[in-house]
1. Which chymotrypsin sites (Phe, Trp or Tyr not before Pro) from segment 11-118 combine a DSSP loop assignment with at most 13 other Cβ atoms within 10 Å?
2. So which GluC sites (Glu not before Pro) in segment 58-118 are both in a DSSP loop and have at most 11 other Cβ atoms within 10 Å of their Cβ?
3. Post the alpha-carbon centroid distance, segment 54-88 to segment 1-50, in whole angstrom.
4. Suppose each label sits 7 Å from its Cα in the direction of the beta carbon; what would the H49-Y72 distance come out to in nanometres?
5. Taking the Cα atoms only, what angle lies between the long axis of helix 32-51 and the longest principal axis of the chain, rounded to 10 degrees?
6. For the chain, what is the charge dipole size about the Cα centre, in debye to the nearest 20, if Lys and Arg each add +1 at the Cβ and Asp and Glu each add -1 at the Cβ?
7. Among N47, T113, Y92, flag the residue with its Cα farthest along the positive direction of the charge dipole of the chain, charges on Cβ as +1 for Lys/Arg and -1 for Asp/Glu.
8. Say we join alpha carbon atoms closer than 10 Å with springs in a Gaussian network model of the chain; which of D85, D12, D59 then has the biggest fluctuation?
Amino acid sequence: MADSIMLDKAKDFAVEIVKTCKTLKEDKKESVLTNQLLRSGTSIGANIHESKYAHGTADFIAKMQIALKECYESEYWLELLFKTDYIEEDKYNELKNACGTIRRMLISSINTTKKNND
């Protein structure tokens, strides 16, 4: 159940990232940072989804850790886009908070899985 909620949040985040990046490319003509955010922001959910079909606990943890790394990377690109005035503070806070929620869920899931398999 928790995985489903996390995946739903990651998908919703990815949709917002795609929409934001599309707007940035069209309106601000920014593509370098935007492409990085698009890649990392959509990769989170893809790795969570892939973890559901892991070949065992170690593979599951590895996929979730990749999703966590992509989450941290997304936070970096969002901050950079905000600090360079490409995205407004409201949008930045909205996306940063959504990413932070997913990050905390990933950490919890990884830690729980590790604890249950020690």
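Throughout, read-outs are computed from the coordinates displayed, never taken from laboratory work. These numbers were taken from a predicted model, which means no experiment stands behind them. Note: ideal-geometry Cβ built from the backbone for every residue, glycine included; neighbour counts use all protein chains shown.
1. Values: sites: F13, Y53, F60, Y72, Y76, W77, F82, Y86, Y92; in loops: Y53, Y86.
Here the sparse-neighbourhood loop sites are Y53.
2. Details: sites: E70, E73, E75, E79, E88, E89, E94; in loops: E88.
Passing sites in segment 58-118 are E88.
3. 10 Å
4. Reported label-point gap for H49 and Y72 is 2.5 nm.
5. Between helix and principal axis, roughly 20 degrees.
6. Working: 18 positive and 19 negative charges, 57 e Å.
Around 280 debye, computed over the chain.
7. Final value for the positive-end residue is T113.
8. D85
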